[in-house]
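Below is one structure, written out as structure tokens; the observations come after it.
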Amino acid sequence: MSSTRPITHADLLQLKRWNTPTIYNGWEQVTKRNIAREAFNPEETRDFMPQMGPMVGYAVTVVIQPGEKSHRDENPKGWTEYRDYVASIPGPKIVIVQDLDKPNTYGAFWGEVNSNMHRALGCVGTITDGAIRDLDEMTNAGFKALARRLCVGHAYSHPVRWNCEVEVFGRKVSPGDLIHADKHGFLVVPEHEQPNLLEASRFMDANECLTVIPAARDTAGKSTREILDGLNAAAAKFGENVKEKFQRHGEW
């Protein structure tokens, strides 16, 4: 992972001001990929701290298998080596955890202690297709989590491998990918798509606020025909603005 990033920390803070669907609207204008198949999670996930709002950071990755005891015996220094890796990457970081036990759930990688440790290492949260526990304590630590479920125990949680491509909720994630996540799901943006993401997201949000949203809300005293004409005109203007800015089509 490169130590030089295409987005400044100040720009990351601005990205955090919008929800993940808004960032998707910007992403679809800067990507060359399939906007119906790429970047976001195809499987449903759950935000266990929606009151914390969106989280933004760079992916650090780890694979676990809490139901398998042998990993502890095979690499007793796994935790130490894994934490060294996490500490070596500049933040803000989001820990992406692939649980090899899926669809079963035997134990949680995350709880009060591990979330506080990762917070100390510059991590702001996690996306795990396994489970978490100590929900209130994790929230108190300011460590946001998107996960499949809650569970009681940690079983044999142990880092199996890290700093590698992982797959969570049907989406592959590589170390260094930019992650934007909230209660709607998450978006995975590789380095080459990151530089213009903020500008595109800002433009698309403003475009909505100047065209289709006011047309839908400013309807008092108007006839149905007038409302429809206004909506059609606003949608056309929205599309014209997108085409002029990006030479592409917008949602409307």
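The values are calculated or read from the model by the stated rules, or taken from the named source; none is laboratory data. Being a predicted model, the structure only gives us computed values, none of them experimental. Here Cβ is always computed from backbone atoms with ideal geometry, including for glycine, and neighbour counts include all displayed protein chains. Side chains are part of the model used for accessible areas, which takes the heavy atoms of the whole protein and leaves out ligands, DNA and RNA. Shrake-Rupley method; radii C 1.70, N 1.55, O 1.52, S 1.80 Å.
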Contour minus Cα-Cα span, Trp79 to Arg46, at 0.36 nm per residue, comes to 9.2 nm
Counting Lys and Arg as +1 and Asp and Glu as -1, what is the net charge of the other residues whose Cβ lies under 12 Å from the Cβ of His118? +3
Given only helices, namely DSSP H runs of n ≥ 4 each adding -39500 (n - 2.57), what is the per-residue ellipticity at 222 nm of the chain, to the nearest 500 deg cm²/dmol? -11000 deg cm²/dmol
Just to confirm, what accessible area per residue do you get for the chain at 1.4 Å probe, in whole Å²? 50 Å²
Cubic angstrom per residue, convex hull over Cα atoms of segment 51-113: 119 Å³
Could you list, in their original order, any pairs among Lys32/Lys243; Lys102/Lys183; Lys93/Lys144; Lys16/Lys93; Lys144/Lys183; Lys69/Lys102 whose Cα atoms are separated by more than 18 Å? Lys102/Lys183
May I ask for the Kirkwood hydrodynamic radius of segment 1-132, worked out over all distinct Cα pairs and given in angstroms to one decimal? 16.7 Å
In whole percent, and with a 1.4 Å probe on the protein chains, what portion of the accessible area of the chain is carbon and sulfur? 49 percent
Test item: Cα-centred dipole of segment 1-153, Lys/Arg +1 and Asp/Glu -1 on Cβ, debye: 380 debye
